[in-house]
Structure formats: structure tokens, C-alpha cells
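The values are calculated or read from the model by the stated rules, or taken from the named source; none is laboratory data. As the structure is a computational prediction, the values presented were derived from the model and not from experiment. Reconstructed Cβ throughout: ideal geometry from the backbone, glycine too, with neighbour counts over all protein chains shown. Side chains included, ligands, DNA and RNA excluded: accessible areas come from the protein's heavy atoms. Shrake-Rupley method; radii C 1.70, N 1.55, O 1.52, S 1.80 Å.
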Amino acid sequence: MSHATTSKATAAAAGPQPEVDRRPLARQRRNRALLQLACILITLFMALPIYLIALAAMSSRQSLQKFPLSFIPDNFSTETMQTFLQSTGILGGLINSVQVGLFTLVLSLIIGLPAGYAVARFAFRGREPYQLFLLFTRALPIVVLSVPLAQLFLQTGLYDSVLAVVLLHSALALPTTILITASVFLGVPRDVEEAARIFGCSPLQAFLKVVLPMAIPGIAAASIFTFVMSWNEVLGASILTLNQRTLPAQVLSSLAESPLAYRFAGGFLLVVPALIFIFFMRRYLTNMWGSTIR
Amino acid sequence: MTLLFGWPMVSGILQAFGGPEGLTTANFTRMTQDPYFWSSVGNTLLLIVVMIPIQFVLALAMALLIRAKPRGASAYFYIWAIPLAVSDLAAGLVWLTVFTDRGYLNSLLASLGIDPVSWLAYDNYASMFGAVLIAEVWRATSLVFVIVVAGLQSIPKDYEEAAGVFGANSWNRLWHVTLPLLRPSLQTALILRTILAFQTFAVALALTGQNFPLVVGETYRWYTGLQDPNVASALALVVMAVSMVTAVGYLKLLRDQSEAPR
């Protein structure tokens, strides 16, 4: 209101003046609104399913029987979750999953860290084909490996053990671990390492005391990634095990005969680590996937 | 590494051709004669052909939206990246809550006064395909999105501004400046996504059970359900061959283009 009167007043004071063209401003405002709208729509598409499965997993059995289902959490209950956790194989599967994830993480770091360092510092000849090879193994279908591996493990007695799944997952995670750690080590300037050498460190000391601490955040990123990959992998785990199933494998194998509530609870439990993972990793995500490009 | 990659591959190939009396192709015959085989191949291909373009357009749009820096961009980024860490089994289960007969979609329809539809029934192929497609798009677009965002970050804004100065409208700027510069990222994402798409199976298994077979799901069924590792190996070999051909094909295409004079 006051805006209009002042502009009228100034227009009157200065005599005849060209109209101010407000169209670009309006267009910009409209574009911002459209932008926000598009963002909200996509967010709904991405977040709504997660809200719904959380809702389903947190509802009591009776309220899941009702139709139509309520979209608002009206009767919160841990009953569905509890029944799920108490059904056969779930707790064991959960423990196995965590074990497999942690062992995979340790194993792939033990092998992947030196390899990544080597790629970053020394192996410049044939590096590009090597990285392509890594990308290729990343894309190698899990199913191609797991079926023959199952036979091998059956013969050696490794079949149906946590170790079997750990070996498979490490093989799958290693290429990515190497790529990520290599890009992390590339980010640590060579000079720092050389300075440490001048001040009397051995190469190993220079690595342990100077390079490694600087690389820790990136390595943490790689480890969480490895863990989540192992947590999510289902086909290999279900082919390589029978009684020592990981959680996803357990859910998959009992999918056909389980009630809906069981599946919802299982699905929710499988999604939770993803939420945490992305929350901690969101700053590294673009670096991580950006590094596989170059 | 060699033990874990090389040996299984060789023995997998042997197993695929192996039989009670020496080498045979009987496993492949059994595989192709299985009523589920051709439909699983068809479903897998159809899924890839329809899904990949949708994913790329959506991911590109999302990346450009993020780059326009709307209010709350970092929150949007977080939410849009969540499915990146969700496995395909979990994604299938998540969307099962929506599409199942007494699920949330039908609840919504019922409250609007529309008759519920049995989305995942085996005689309703289109809606079954749609459900699997939506779940896969939901889960896997994030990967493309993150790669494209990373690619966009490496492009200086100057190029676009220069194009703007010379009078290019936003569509032209996108088509003639941003997209060509983004090509390496898009190509990597394309290779990765296509090959990973061949391995999709748990989404469909969680959503529709056996009604919408996919090739890798068939391998799982032959191995665990029918207890026939030989046929499972044969199927795995098909998956591997197709992935390899795709990867090599894309890489060839990539090389030729990047070596061609600009």
C-alpha cells in the first residue's frame, strides 16, 4: 500500500515517467515458485514411501487389517516390529548381517587401503585400464560369482558360514574401496609426506603419522559405504548360506510365506541404515561418485 | 582377487556346460524351454528400455533444480539421495506397502470413492510392470542424480553465463552448453545403470512374487527353489554375457566419440 503511494508520489514529482516494466520481476518470482514446487514434488516422491513403510511398521496388527488404511499415525505400536524380531532367524540374521558387514569392512580396508595408496602414488603406467577394470568388476553381476562360489565353498566346507559371505562381499566391495581411497590419498599433498621424510620419518612412519590421519575422513566414508553395500546385498548371501543367513537373505527366503506385516517390518528395518548412512555421508556423496568418473 | 573372480568364472562356465556325462548344452536347452525364461528376458529388457530414459531425464531435472539453489537445497539433497543406500529388496518392500491390495494407494482411492484396483495381480500386467518400474525408478534414480550433480560441479558457470550474454535462452544453454559438457558423467552413469539394471530382481520378487520374472530372479529360483546349479550357472552366464556386451559396446561408443575431433 505504502509502496504504491510512494511510487505515485515520485511519479507525480518527476513529471511524466516511463512505466516500470515489472514483468521480468514477476517472471523471476514465478520461476522461483515453480522451482520450489518442483523440488517439493520430487521430495514427496522420494520421502513419502519411506514415511509409509515406517508408518506400516509402527502400526499394530489390527490397524493394518483395517481398510482403508490411515495415513496419519493414530495408534503407535511396536507390536508388528516385535513380532518380526521374534520370528525365527531374524535376530540371528541381524547378528550375521552386522558381523558380515564389519568383517567385510575390515578385510576390504586391509587390502584396499594399500592398493588405493599404490594407485594414488605409484602406479601411473596402465592406471587408466586398471581403473576401467575396477569399474568393470564393480558392474560384474553378483550372480555370476555366487553360484560357482557356492560350489567351491561346499567342497571346502566354507559353505553356510559368515566367512563365505564376507569373502564374496569383500570381493565386491574392493574395487570401490580402492577407487575411493585412491581419490582420498590423491587429495593428500605429496609435499606433506616429503616434509615428514626430511624430518626423519621412515616411509612407513610418514604414512602412518602424516598421511593416514589426513585421510581418515575419506576412509571413514569408504568404510561406511562398504558396510552399507554388504548390508544391502541379498542374492549372493542367500545363495551362499542356508542357516547362517544375513538379514536380507532371511527376509528374501521367507518372502513368499510371510504375512504382510512381517514384510513391512522387514522392509523398514532394511531401510533404517540407509537413512543414517546418507545422513552422515551426504557431503562425501558427490566426491565418492564423482571420483569413479575420472 | 584372482581366486575370487577368475576361478568362479571359469568353473561357472564349466558348470553351465556340465552334465552327468561330460560337456553338454542340455542345461541351456532346459533353460530356454522353461516357460519363465523368455518372459523373464522380455521383462528385463522392457524394464531397462523404459526405465533408463525416465531415470536420466528425472535425474537431470533434479540435478538442475539443486544447482538453481532453491531454499533448503541441502535438505532436498539429503532426501533425494536416501534411496541410493536402499537395497532393491527393501525398495520392493517399501513400495509393497503402497501397491498391495489393502495398501496405501488403494486406501487413498477408496477414500476418494474410487474402487480399489488389484495392482499386483498376475493378470494385470500393465500395473504390475508399472509398480516394478516406479519402485526401480525411485530406488536407482538417486545414483544417476548424484553422478550428475558431481559432474555439474566440475563445469564452471562461466560457460553458461557466456552463452547467456550471447543471447541463448535457458533451453539452448542446457542443450548446447551444459549437456555436452556433462557427457562424461552421463556416459559413466549410463554404463553403470544399464549393467546394474540387468541385475535387478528383488524389487520384482518383493512386489509380485513369481508373477513378474526377471532373469537374475530366475537364477535365484533355479538355484534355491529347483536345486539345479547347472541351469542356474547357464542363466548367470547369459547375464554375464549380456552385461559384458553392453559394457564393451558403451565403451566403444565412448572411445570413438571422445577421439573424434570436436
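Restricting segment B:124-172 to residues that are outside any helix (DSSP H, G or I) and within 14 Å of chain A (Cβ to nearest Cβ), which is least open to solvent (accessible area, probe 1.4 Å)? Write out each step before concluding.
Pass one, segment B:124-172, residues outside any helix (DSSP H, G or I): B:124, B:154-156, B:166-169.
Adding the requirement that they be within 14 Å of chain A (Cβ to nearest Cβ) leaves B:154-155, B:169.
Working: B:S154: 79, B:I155: 22, B:N169: 83 Å².
Out of the qualifying residues, it is B:I155.
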Self-check item: The listed residue being at pLDDT below 75 and surrounded by fewer than 19 Cβ atoms within 10 Å (Cβ to Cβ), out of A:S202, A:S254
Solution: A:S254
Self-check item: Condition check for B:T44: facing chain A (nearest Cβ under 7 Å), of a type in the set (S, T, N, Q) and either over 17 Å from A:I42 (Cα atoms) or crowded, with 23+ Cβ neighbours inside 10 Å (or both)
Solution: no
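Here is a yes/no grid of residues against (1) touching a residue at least 40 places away in the same chain (Cβ under 8 Å); (2) hydroxyl-bearing (S, T, Y); (3) in contact with an Asp or Glu (Cβ under 8 Å, 6 or more places away or on another chain):
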{"residue": "B:T100", "(1), (2), (3)": "no, yes, no"}
{"residue": "B:L108", "(1), (2), (3)": "no, no, no"}
{"residue": "B:L112", "(1), (2), (3)": "no, no, no"}
{"residue": "B:D115", "(1), (2), (3)": "no, no, no"}
{"residue": "B:S118", "(1), (2), (3)": "no, yes, yes"}
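Out of segment A:266-283, which residues are open to solvent by 50 Å² or more (accessible area, probe 1.4 Å), of a type in the set (A, V, I, L, M, F, W, C) and without any contact (Cβ under 8 Å) to a residue 40 or more places away in the chain?
Of all residues in segment A:266-283, those open to solvent by 50 Å² or more (accessible area, probe 1.4 Å) come to A:276, A:279-280, A:282-283.
Retained after the next criterion (residues that are of a type in the set (A, V, I, L, M, F, W, C)): A:276, A:279-280.
A:I276, A:F279, listed by residue number.
Say we look at segment B:196-221 and pick out the residues that are within 17 Å of B:W38 (Cβ to Cβ) and touching a Lys or Arg at 6+ places or on another chain (Cβ under 9 Å); which of these is modelled with the lowest pLDDT? Please lay out each step first, then the result.
Of the residues in segment B:196-221, the ones within 17 Å of B:W38 (Cβ to Cβ) are B:198, B:201, B:204, B:210-219, B:221.
Narrowing the set further to residues that are touching a Lys or Arg at 6+ places or on another chain (Cβ under 9 Å) leaves B:210, B:213.
Details: B:Q210: 69, B:P213: 75.
By that ranking, first place goes to B:Q210.
Starting from residues that are part of a helix (DSSP H, G or I) and small (G, A, S), keep the ones in segment A:40-61 and report whichever is nearest to B:A140 (Cα to Cα). Show your work before the answer.
Narrowing segment A:40-61 to residues part of a helix (DSSP H, G or I): A:40-57, A:61.
Within this subset, residues satisfying the condition of being small (G, A, S) are A:47, A:54, A:56-57.
Values: A:A47: 14, A:A54: 20, A:A56: 23, A:A57: 23 Å.
Among those residues, the one meeting the criterion is A:A47.
Looking at B:A59, B:A91, which one is of a type outside the set (S, T, N, Q), touching a Phe, Trp or Tyr at 6+ places or on another chain (Cβ under 9 Å), assigned to a helix (DSSP H, G or I) and within 30 Å of A:L260 (Cα to Cα)? Lay out the reasoning, then the answer.
Numbers: B:A59 fails: within 30 Å of A:L260 (Cα to Cα).
B:A91 is the lone residue from the list that is of a type outside the set (S, T, N, Q), touching a Phe, Trp or Tyr at 6+ places or on another chain (Cβ under 9 Å), assigned to a helix (DSSP H, G or I) and within 30 Å of A:L260 (Cα to Cα).
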Exercise. Give the residues of segment B:173-188 that are of a type in the set (A, V, I, L, M, F, W, C) and assigned to a helix (DSSP H, G or I), sorted by residue number.
Key: B:L174, B:W175, B:V177, B:L179, B:L181, B:L186
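For (1) surrounded by fewer than 19 Cβ atoms within 10 Å (Cβ to Cβ); (2) at pLDDT 80 or above; (3) not small (G, A, S), each residue gets a yes or a no:
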residue	(1), (2), (3)
A:A14	yes, no, no
A:R27	yes, yes, yes
A:N31	yes, yes, yes
A:L35	yes, yes, yes
A:I40	yes, yes, yes
A:F45	yes, yes, yes
A:S60	yes, no, no
A:M81	yes, no, yes
A:L105	no, yes, yes
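Answer yes if at least one residue in segment A:159-171 is at the interface with chain B (Cβ under 10 Å from one of its Cβ atoms) and either at pLDDT below 70 or part of a loop (DSSP other than H, G, I, E, B) (or both), and no otherwise.
Step one: filter segment A:159-171 for residues at the interface with chain B (Cβ under 10 Å from one of its Cβ atoms), giving A:167-168, A:170-171.
Narrowing further to those that are either at pLDDT below 70 or part of a loop (DSSP other than H, G, I, E, B) (or both): none.
Within segment A:159-171 (the criterion being at the interface with chain B (Cβ under 10 Å from one of its Cβ atoms) and either at pLDDT below 70 or part of a loop (DSSP other than H, G, I, E, B) (or both)), the answer is no, since none of the residues qualifies.
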Exercise. Inspect all residues belonging to segment B:49-68 and state whether any of them is surrounded by 21 or more Cβ atoms within 10 Å (Cβ to Cβ), in contact (Cβ under 8 Å) with a residue 40 or more places away in the chain, facing chain A (nearest Cβ under 8 Å) and closer than 27 Å to B:G217 by Cβ.
Key: no
Self-check item: Filtered residue count, segment B:113-123, keeping only those that are of a type in the set (S, T, Y) and within 9 Å of another protein chain (Cβ to nearest Cβ)
Solution: 0
Exercise. Give the number of residues within segment B:72-94 that are open to solvent by 20 Å² or more (accessible area, probe 1.4 Å) and facing chain A (nearest Cβ under 7 Å).
Key: 5
Quiz item: Of all residues in segment B:95-111 being facing chain A (nearest Cβ under 8 Å) and outside any helix (DSSP H, G or I), which is surrounded by the fewest Cβ atoms within 10 Å (Cβ to Cβ)?
Solution: B:R102
Practice problem: Determine, yes or no, whether B:W138 is at pLDDT 75 or above and of a type outside the set (G, A, S). | Solution: yes
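From B:T188, B:T194, B:T178, grab the single residue that is away from chain A (no Cβ under 12 Å) and open to solvent by less than 30 Å² (accessible area, probe 1.4 Å).
Numbers: B:T188 fails: away from chain A (no Cβ under 12 Å); B:T194 fails: away from chain A (no Cβ under 12 Å).
Every option except B:T178 fails the conditions.
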